[in-house]
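Student: Dropping a structure here in structure tokens format, bear with me for questions.
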Amino acid sequence: MPDSKHILQRWHPLGRLGLFTLVYCASIALGMRLNASDEHFSTLWPPSGVLLCALLLSRFRDWPALLLAAVLLKPFVSFPGHLPHLGGFLLSTGSALESLAGAFLLRRYAGFRPSLERVRDVLLLVGLGALLSTVLGATPGVTLMALQGEIPWREWSGQWRVFWVGDAMGVLLVAPVLLSWSTRGLEGWSRARQLELAVLLGALVLAVDLVFHLGPGEASVYHPVSYLAFPFILWAALRFEVRGTSAAMVALTAVALQHTLAGNGPFAAGPPGSSSTARLVFLQSFLAAVGASGLLLAAALGERRRAQEKATLLNRELRQSLHALATAQQELVHRERLAALGELSASVAHEVRNPLGVIANSVAALSRMVEPTHGTSWELLGVMGEEVARLDHLINGLLDFARPQVPRLLPQPLGPVVDGALEAASRSQPQAPRVRVTRELDPALPDAPLDAQLLHLALSNLFTNALQAMPQGGALHIGLTHVPARGGVPLARVSITDSGPGIPPEAMARLFEPFYTTKASGTGLGLAIVRRIVEAHHGSVEVRSTPGQGTTFTVLLPLAEASRSAA
């Protein structure tokens, strides 16, 4: 199969053969019209490019049918109304063999891509397809005609050159447009780009028609104007690469040949007594130079564009990989820090808890021995009791943070857990009666797989923070709703919104770090414990805060029905 897929592959084999027959016959008729009256061969033979293109775009198993059709069609179409003779079939066989050799070398050994997207492909087409393989058709063809007496042997070299150049020009000018447009068509071009190409081709035709419409005398004086075509070829190469350049070359060739054969244009004037074919040599050189240069430039620009796109894609992938690596490294460092903090916290908590228990018992015993009437002593004992309770709360937080949170998930309603956590937090906060609580509950909310005890601890931490943010009272809004699925998993959302002063923006990034706190007093472990518990429930916790307007903590938990469907 060809390296590049093309639109004709979707056709039935008979449909492709029929299309080839029509195009090949039309190219033969065109080639015969380009045959000068004083020469035996055409100065531009499009069938050579058509057959080579058909072979390059076809499967190997389709080649015999294409070659047989080419051998049979050429004698009949070249001389309509006359019965072909053996020599005509031998000539067409030689032309078919040259295309076969070129296609075989390009496909089998050269790694040729019909899309002509690389400079290498253009060079291969010019070298193997246009220059080398056409020798195989010109040599036996001219020799056969000399043997038949149709041309004198003394003209063999001159006629060989005409034959060879005509076939080579057919490959150089016809094959690129058929190959590039058959493989890609208008792919990747917007309406604006297509309109721009139409404008380009129209402007090129007008400019070339103006230049080649001049008479021989005028054209010889203004010979440099023939190079007016170059800016349009450069435009096509820069904007449309090989497809646009090949189309522009076809337009340039059609107009230039029409006027030159009519005796007009810069290349119509030749030396006195020269043949029309000799005068066309200058035009062939001009078209070959423009065509090869334009195609090479277009292929080079295409390679550069694809290299830049690939480099951009690789840079994007590299940045994404580096970001993912940095994130993974941060997560690893974070986990290692948490593990070390957990071990240290557990060790400190266990070492402090025993003597703290002795102190608490001693304070309790002294409180029973000292009468409340002993003012200073009684106050000092009260202070000692409060500090012991604060240290005990700190130790409990350290132990909660240190011990692994492995929840026992059981499907149960979220509402009672939320209410219990709010009630527990309210009992410990004296300002709770001054806070107005509003609720938004979804009565149809399904059960969620959760550990009620652990989730109670997490939510009570959030409620405590919210109440402490409103020491003079305020508004507390609690939401318990169902949210759209994320990744196919339905979620329950618990939102806790206070009307406190909010959280400073610089503190938001570190809010869930262990031992980080914005309070004058506190362990800085509450939110770290909250996140650990929620993540152990396969959920997530988010925070949104506006200074001066309050803070909202949102806990997202997967629902029980998602777990059952996943199971």
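Read-outs: derived from the displayed coordinates by stated rules, not from any lab. These numbers were taken from a predicted model, which means no experiment stands behind them. Heads up, the Cβs are rebuilt from the backbone with ideal geometry, glycines too, and the neighbour counts pull from every protein chain shown.
Student: Using the per-residue mean of other Cβ atoms lying within 10 Å as a proxy for protection, in what order, highest first, do the peptides 60-72, 240-252, 299-311 fall? Please report the intermediate quantities before stating the final value.
Tutor: On the way: 60-72: 16.1, 240-252: 24.9, 299-311: 13.9.
Highest mean packing first, the order is 240-252, 60-72, 299-311.
Student: Based on the Cα gyration tensor of the range 410-566, what are the three equivalent ellipsoid semi-axes, each the root of five times an eigenvalue, rounded to whole Å and given largest first?
Tutor: 26, 17, 14
Student: While we're here: Can you give me the Kirkwood hydrodynamic radius for the range 1-181, using every pair of distinct Cα atoms, in Å to one decimal?
Tutor: Evaluated over the range 1-181, this radius sits at 16.3 Å.
Student: On to the next question. With a 10 Å radius around each residue's Cβ, average the other Cβ atoms per peptide and rank 542-549, 503-510, highest first. Kindly include the intermediate steps, with their values, before the conclusion.
Tutor: Numbers: 542-549: 13.1, 503-510: 11.6.
Highest mean packing first, the order is 542-549, 503-510.
Student: Next question, about the same structure. Explain nothing, just compute: Karplus ³J(HN,Hα) = 6.51 cos²θ - 1.76 cosθ + 1.60, θ = phi - 60°, for every residue of the range 295-300 in order, whole Hz, x for Gly and Pro.
Tutor: In residue order, the calculated couplings are 5, 5, 4, 4, 5, 5 Hz.
Student: Still on this structure, please answer the following. Ranking request for peptides 185-196, 105-116: highest mean number of other beta-carbon atoms within 10 Å first, then the rest in descending order.
Tutor: So the peptides 185-196, 105-116, ranked by packing, come out 105-116, 185-196.
Student: Just want to confirm a number: the relative contact order over the range 1-181, from Cα pairs under 8 angstrom separated by 6+ residues, in percent. Write out the running numbers ahead of the final one.
Tutor: On the way: 239 pairs, mean separation 55.0, N = 181.
It comes to 30 percent, rounded to a whole number.
Student: Calculate the translational D of the range 116-266 in whole µm² s⁻¹ from Stokes-Einstein, where the hydrodynamic radius comes from the Kirkwood formula applied to all Cα pairs, the temperature is 20 °C and the viscosity 1.002 mPa s.
Tutor: Diffusion coefficient, whole number: 123 µm²/s.
Student: Run the quick spin-label model on Leu97 and Ala311: label points 7 Å from Cα toward the beta carbon, then report their separation in nm to one decimal.
Tutor: Here the answer is 4.9 nm between the modelled labels.
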